[in-house]
Amino acid sequence: MLEETHDNELIIERVAALDIGKAEVVCCVRVPGEGRSGRRRQEVATYSTMTRSLTLLAERLLELGVTRVVMEATSDYWKPPFYLLEAHGLDPWLVNAKDVKHLPGRPKTDKLDAVWLCKVAERQMIRPSFVPPPPIRRLRDLTRYRIDLVGTCTAEKNRVEKLLEDAQIKLSVVASDIFGVSGRDMMGALVAGQRDPKVLAALARRRLKAKIPQLEEAFTGHFTDHHAFLLAKMLARVDAITADIADIDARIEELIAPFAPAVARLDQIPGIGSTAAAVIIAEVGLDMTRFPTPGHLTSWARFAPGVKESAGKKKGAGATGHGNPYLARALGEAALGASRTNTFLGERYRRLARRRGKKKAMVAVGRSILTIVWHLLANPTAEFTDLGADFYDNRVGTERRKRDHIRQLEALGYRVTLEPAA
């Protein structure tokens, strides 16, 4: 039986496509031809990626009345043309290169790539990638740089621990955090030339004072001037990065201030604090009309199993694929934090971890968190309400007991009819 479809075959009349490189941009413009023949006119030109040349490109597109400009996400080279065209009032689209594959068996040049991309775009066979507005982009730059600095600082701290191990200094065996107040004083004394284990152990503070005998054993090693030189450089680098992180935190607080209500709503979710809320807002934005449903958001973030079917059989292991690494990291940390709470999300993690493993449980809870985020951002008046850690016991347990009782009655020959709840 033939069914009616609703395909949209409208052709965009005035469209442009850019093939972007580091030094040059090849632009293809397609506009309607003269008369009613249905033919198209085409212009292919090469521009430099310098600002003045890109300005000329924008003016030319405005002169031709172009309504949409499409470009591939090529490294970071797409950003200058995208931002400049956006500032001139054009409608730039950033598309995934995987969605615009060049046909095999044909020559491949920058000019042909631009023409092919323009033809695909005018028939609306591609969809744009998510590019947030300028305020969110500035916030994203800061949150991503902060994450990178935290990773660099962690790597430097690991180098310090390896250096102490090389000198047979076992401070990390006794102290849980060698970069605490006591640990920094002890390492500072080592750099200053102090080698006496008793003097070094006497620098312990608070709870670490109860481990002075163990500390004396830990500082009995072979710490030389060579180790002191390297340790001084590493500690200075850790201090510098820590100071930079503090400055970035202050700047993030300034930029996140206009979005304070959204941060407060996200902060109610178990596992999410102000830092994680800022990362989530920076990565997904505040306008949820870009994602019509929570499923669209979780699919875009790659927190939903991929669908691959052939010959009536599902292929693959249902992996989610690789999405936004910064968002995935924030959601993973939030899921891990929620797993330690006596909440619905915590109980969901524990139930799934027992049956499917910790990694899949973390992805599932991350998806639940992202679904909650969508509802809180889509509806500014929405408030988060925890379902409670006993949600599964109250709902699933009751339904299971009901089904078991019905099966027992039917086995005895009774016919059971359930009435809908009032």
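The values are calculated or read from the model by the stated rules, or taken from the named source; none is laboratory data. Keep in mind the model is a prediction, meaning the values are calculated, not measured. So basically every Cβ, Gly included, is an ideal-geometry build from the backbone, and we count neighbours across all protein chains shown. Calculation scope for accessible area: heavy atoms of the full protein, side chains included, ligands and nucleic acids excluded. Shrake-Rupley method; radii C 1.70, N 1.55, O 1.52, S 1.80 Å.
Return the residue satisfying two criteria in turn: it lies in the stretch 58-82 and is part of a helix (DSSP H, G or I) and without any contact (Cβ under 8 Å) to a residue 40 or more places away in the chain, and of such residues it is surrounded by the most Cβ atoms within 10 Å (Cβ to Cβ).
Here is the first cut: in the stretch 58-82, the residues part of a helix (DSSP H, G or I) are 58-63, 79-82.
Cutting the leftovers down to without any contact (Cβ under 8 Å) to a residue 40 or more places away in the chain gives us 58-60, 62-63, 79-80.
Working: Ala58: 21, Glu59: 11, Arg60: 16, Leu62: 13, Glu63: 8, Lys79: 15, Pro80: 15.
Step by step, filter the stretch 58-82, then rank; the result is Ala58.
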Enumeration of residues in the stretch 87-130 that are open to solvent by 70 Å² or more (accessible area, probe 1.4 Å) and at pLDDT 85 or above: Ala87
All positions within the stretch 247-305 that are in a loop (DSSP other than H, G, I, E, B) and under 18 Å from Leu345 (Cβ atoms): Asp267, Gln268, Ile269, Pro270, Gly271, Ile272, Gly273, Ala301, Phe303, Ala304
Elements of type helices (runs of 4 or more DSSP H) in the stretch 308-422, at least 2 residues being at pLDDT below 85: 391-411
Matching residues in the stretch 260-284 - criterion: being touching a helix residue (DSSP H, G or I) at 6+ places or on another chain (Cβ under 6 Å), of a type in the set (A, V, I, L, M, F, W, C) and without any contact (Cβ under 8 Å) to a residue 40 or more places away in the chain: Val263, Ala277
Subset of the stretch 119-146 [in a loop (DSSP other than H, G, I, E, B) and of a type in the set (S, T, N, Q)]: Gln124, Ser129
Qualifying residue in the stretch 278-289 (condition: of a type in the set (Asp, Glu) and modelled with pLDDT under 90): yes
Which listed residue is among the polar types (S, T, N, Q), at pLDDT below 90 and surrounded by 13 or more Cβ atoms within 10 Å (Cβ to Cβ), from Thr55, Thr49: Thr49
Residue match in the stretch 23-37 (condition: under 22 Å from Ala87 (Cβ atoms), of a type outside the set (A, V, I, L, M, F, W, C), touching a strand residue (DSSP E or B) at 6+ places or on another chain (Cβ under 8 Å) and open to solvent by 70 Å² or more (accessible area, probe 1.4 Å)): yes
Residues of the stretch 230-267 satisfying the condition of being open to solvent by 80 Å² or more (accessible area, probe 1.4 Å) and either touching a Pro at 6+ places or on another chain (Cβ under 6 Å) or within 26 Å of Gly193 (Cα to Cα) (or both): Lys233, Arg237
